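See below for the structure under consideration.
Values quoted throughout were computed directly from the atomic coordinates according to the rules given, and no laboratory measurement underlies them. A quick note: this is a predicted structure, and the numbers were derived from the prediction, not measured. Quick reminder, even Gly has a Cβ in these numbers, built from the backbone with ideal geometry, and neighbours come from all protein chains shown.
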């Protein structure tokens, strides 16, 4: 898909994504020149993957051989990531405490789940918020209990509030008034208005209790993988695309070690209406990060692939988007590809008429809420 | 090679072209700029600093340039970019050098988590470090400048880089930034000091930079353990007074002055408690620099 060959000399104009190389073939960092190390550190920082790469290098006993200059950035990145992980663990305790008296099932999602379940996908993972899932009929009492414990809504315009509450799969992001931490409370994994509607009740039913944390669960392995795929391949903003792809790679390598996992994954994708994201997820992790995927799983999932010529077009778009967002990885068509995916994500998120209304409102109102513009 | 080994023309060409790899203590910054004020500022303030060759690893890549478009010509501005990202608000056109300095501070304080980074001046004498943590406007830099010309070696005027494991302070010798009345105060206190031009009406008022003494630059690779922690306060009326400060208050002062205390978690707590346990902690209010220097002479 890409010619990720290391340049023989430092070539500032090459659009090589060294982060992909370091993740896929960590041994090759030994070939890096000082100027390539510089690029790798910058690309990794902008992808939020400094600590992940440090962890990958450490596993292969390569970290000690990194030259002092870049090594300092790996140290800094790991210190930052472990502070964020500590904070997420603390936040989960606070959230569980705030909701304990309700005894509603609380399911941790995404990075929060990888971390609390001690999965390899938590390796060097950085965090900006905590994600949880609750049943939709519990949403009101959960929100009230969280408010009593100090979480306040962040999007204050009436339109944004309605946008989230009527159409989205989550409450407007909550922020704790004293600790300033962010919390996303989901009731589904894709928007209410989206083309694909994986039923939350099935996810919640299959969720697995988290050992040592009474009242908390995480999604079952196949569901966790499918959620990660659904999230990544519906996202309108791809700046953490490579980070998410690397999470997916680590999840698949971990769960995929059990052979029966793959058949279950394919079957589950049908039950959850997530066959297309599964196709993209398996194909792209394998192509970009060399994730081992059994041929049969790949073949079955590709039945859900888009038809020619869209199939090839989508491959190209993902190959542009699933790179470090650093400017040195941009290729001539990257801007257009990102725009196309942005439009696609909105298209998948709402029916056309509703999307037109939403974009018209967004174009004519300037949200006073600072964070408002970036999400809605 | 050091910056003053380059001819003014070579320095200009390097800053305009492939960029200058400037070493400040543990940090190498790749700097590009077409602005005369930046070229002159680097030539003056970083004369004794090492220049790394083009193949060396740079921690940060920054530039200070005029923006594209009309603002290049009409009430010109300067834009600071880190790694090609110019998300800082532009400043008026004559503030190129201060903007470079503030930008470099930002790079260190927001990325160099291998250190516990504290907003503080650090000086050293007889192998022991004096830490002056304080909020802006407390007279920290004025005091630091005065001590720098009175037998103390400056490790840093603005950012104390503390090793979280071992507790020593790493030197980051850079120009000392002085504001408003402090500029003339230090001019008369240390006539031998080398000043850059005064830049007027910045967000911090009038600002002038002062070149770090040669000794500070030459001994940049000598860390020092903090032995004294002094929280300074300039007061127009009070006579110089040095009073012991309770350790708990000294600790909280450090926490409030640290940029990344939250990032260091338990090890940050341990590092700072150990620091206040091992250092003599004082509160210091002063009015005249001569008195201040005399009191600090008594340390040791």
(Q) For Cα pairs less than 8 Å apart in space and 6+ apart in sequence, what is the mean separation divided by the residue count of segment B:3-111, i.e. the relative contact order in percent? (A) 22
Q: Could you pull the Rg and Dmax for the protein assembly as shown, using just the Cα atoms, both in Å?
A: 27.7, 84
(Q) Test of understanding: ordering A:52, B:125 by Cβ neighbours within 10 Å, fewest first, what list do you get? (A) B:125, A:52
Q. For chain A, what does the alpha-carbon gyration tensor say about shape, rounded, prolate or oblate, given a ≥ b ≥ c as the root eigenvalues, a/c under 1.5 as rounded, and a/b over b/c as prolate?
A. rounded
Q.
Report for segment B:3-111 the percent antiparallel among DSSP-assigned beta bridges with both residues inside it, nearest 5.
A. 75
Q.
I need the shape label for chain B. Rule: rounded when a/c is under 1.5, else prolate if a/b > b/c, else oblate, with a, b, c from the alpha carbon gyration tensor.
A. prolate
Q: Over chain A, calculate the relative contact order: mean separation of alpha carbon pairs under 8 Å at least 6 apart, over the residue count, as a percent.
A: 19
Q: Can you put A:36, A:319, B:188 in order of Cβ neighbours within 10 angstrom, beginning with the fewest?
A: B:188, A:319, A:36
Q) Can you give the calculated 222 nm mean residue ellipticity of chain B, where each DSSP H run of n ≥ 4 adds -39,500 (n - 2.57) and the sum is split over every residue, rounded to the nearest 500 deg cm²/dmol? A) -9500 deg cm²/dmol
Q: Using only Cα atoms, find the angle between the long axis of helix A:68-99 and the longest principal axis of chain A, and express it within 0 to 90 degrees, rounded to the nearest 10.
A: 20
(Q) If you fit an axis through the alpha-carbon atoms of helix A:34-47 and take the longest principal axis of the Cα set of chain A, what angle between them do you get, 0 to 90°, nearest 10? (A) 10
Q) Can you tell which of A:292, A:214, A:26 shows the greatest fluctuation in a Gaussian network model of chain A with Cα springs below 10 Å? A) A:214
Q) For segment A:82-375, what proportion of DSSP beta bridges, expressed in % and rounded to the nearest 5, is antiparallel? A) 60
Q) Per-residue ellipticity at 222 nm for chain A, helices alone: DSSP H runs ≥ 4 residues times -39500 (n - 2.57), over residue total, nearest 500 deg cm²/dmol? A) -16000 deg cm²/dmol
Q. Roughly what % of DSSP beta bridges within chain B run antiparallel, to the nearest 5?
A. 75
Q.
As a footprinting exposure proxy, order A:233, A:339 by other Cβ within 10 Å, with the fewest listed first.
A. A:339, A:233
Q. Given a cut-off of under 8 Å on Cα pairs at least six residues apart, what relative contact order in percent is computed for chain B?
A. 17
Q: Would you look at the GNM of chain B, springs on alpha carbons closer than 10 Å, and say which of B:120, B:279, B:238 moves the most?
A: B:238
Q. If one takes the longest principal axis of the Cα atoms in chain A, at what angle in degrees, from 0 to 90 and to the nearest 10, does the Cα axis of helix A:139-148 lie?
A. 90
